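Notes for the one structure printed next.
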Amino acid sequence: MTDTVSGTALRRIPATAPIEDILAVFHEDGGVIIGGLLTDEQIDRFNADIEPDLEAIEPGGKSDNEFIAEFYGRNTKRMGNLVKRSKTFREEIIDHELVHALADAVYLEESGSYWMTTAQVIEIGPGNRPQTLHRDLENWNPFVGMGPAGPEVMINFLIALTDFTEENGATRVIPKSNLWEDFENRGTPEDTVPAVMNRGDAIFFSGKTVHGGGANVTDSDYRRAVSFALNPGYLVGEEAYPFLVDRELVRTLSERVQRLVGFRSQYPTGSPGLWMVDAGELADYLEL
């Protein structure tokens, strides 16, 4: 298969659709817009949870490296540690039935287990330039060389907390770039299409898919999203949750969320267990 660009918009499927329909588009196009993943009431509560902390954050990355600062966005706020910061996030958003149904379908047969690599609120402000196009699997460089035949090492749910428009920085995606033979090829901005979404919609996309935050060319419109990504249990995550989340808070979480944030052992396909204590289950050691 040659590295060609489809030029078509991302397809949109309601959250109430059969999971097989959502997965079919995900595998064909590398991403799909899920309509109405969250309700307005859930978004209002989540925004109330995180607003004080987000208000205190200065836009722009913390790095002196020019490339990294530009990648994160000079007028973009990024805030992590959402498990600790938001009850709505830890009890409803990352414990959403559809999220786990899709993750189970992607990971359980091929990889056996999965956990959360990172979760961030991303707010793109006026005047922010477009983000460098990239694939999320580049966090684990060996998988770049494997191309489309490699395993699925990241899936991402990016949920619109405000309406996404082409003008305010809607995420740009290259549909079907997950199928390109050469993953060193990230395409060009002209190849991308905007993920225009209503508040509460989500992009569900593969770590193999080329994408990047769009330019915000408005004078006053802020584009806010929450993004959380999952990777197989055999890969280390981006955020070190066991050092960020209090043990007593973890005891209030569901078993599957405890596993998502690293407080239970991982059992990837072919492994007797990872993230263990004396060859035993971590949750037993922690008395969860």
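The values are calculated or read from the model by the stated rules, or taken from the named source; none is laboratory data. Since we're looking at a predicted model, the values are computed, not measured. Cβ coordinates were reconstructed from backbone atoms using ideal geometry, including for glycine residues, and neighbour counts include every protein chain displayed.
Just a few scattered comments:
- Checked against (1) closer than 23 Å to Arg85 by Cα; (2) more than 22 Å from the chain's Cα centre (by Cα), Leu244 passes all but a single condition, namely (2).
- Pairs, first under 17 Å from His27 (Cα atoms) in segment 103-132, second surrounded by fewer than 19 Cβ atoms within 10 Å (Cβ to Cβ) and of a type in the set (Ser, Thr, Tyr), C-beta under 6 Å, six or more apart: Ser111/Thr269
- Residue that is farthest from Gly147 (Cα to Cα) [pool: residues in segment 197-238 that are among the β-branched types (Val, Ile, Thr) and touching a helix residue (DSSP H, G or I) at 6+ places or on another chain (Cβ under 9 Å)]: Val226
- Total residues in segment 152-184, condition aliphatic (A, V, I, L, M) and either under 10 Å from Ala225 (Cβ atoms) or more than 16 Å from the chain's Cα centre (by Cα) (or both): 7
- In segment 154-176, residue surrounded by the most Cβ atoms within 10 Å (Cβ to Cβ) [restricted to those that are under 14 Å from His134 (Cβ atoms) and in contact with a helix residue (DSSP H, G or I) (Cβ under 8 Å, 6 or more places away or on another chain)]: Ile174
- Count - residues of segment 143-176 that are out of contact with any Lys or Arg (no Cβ under 6 Å at 6 or more places or on another chain) and on the phi > 0 side of the Ramachandran plot: 2
- Test: Leu179 is of a type in the set (A, V, I, L, M, F, W, C), touching a Leu at 6+ places or on another chain (Cβ under 9 Å) and closer than 25 Å to Pro14 by Cα: no
- For segment 110-124, a tally of residues being aliphatic (A, V, I, L, M) and surrounded by fewer than 24 Cβ atoms within 10 Å (Cβ to Cβ) returns 2.
- Candidate set: segment 32-45, residues that are in contact with a Lys or Arg (Cβ under 9 Å, 6 or more places away or on another chain) and not β-branched (Val, Ile, Thr); chosen: the one surrounded by the fewest Cβ atoms within 10 Å (Cβ to Cβ): Asp40
- Tally of residues being closer than 21 Å to Pro142 by Cβ and polar (S, T, N, Q) across segment 174-221: 5
- So Ile68, is it under 23 Å from Phe243 (Cβ atoms), part of a helix (DSSP H, G or I) and modelled with pLDDT under 95: yes
- Residue within segment 125-145 that is at pLDDT below 95, surrounded by 23 or more Cβ atoms within 10 Å (Cβ to Cβ) and not small (Gly, Ala, Ser) present: yes
- Residue within segment 178-192 that is crowded, with 24+ Cβ neighbours inside 10 Å, at pLDDT 95 or above and not aliphatic (A, V, I, L, M) present: yes
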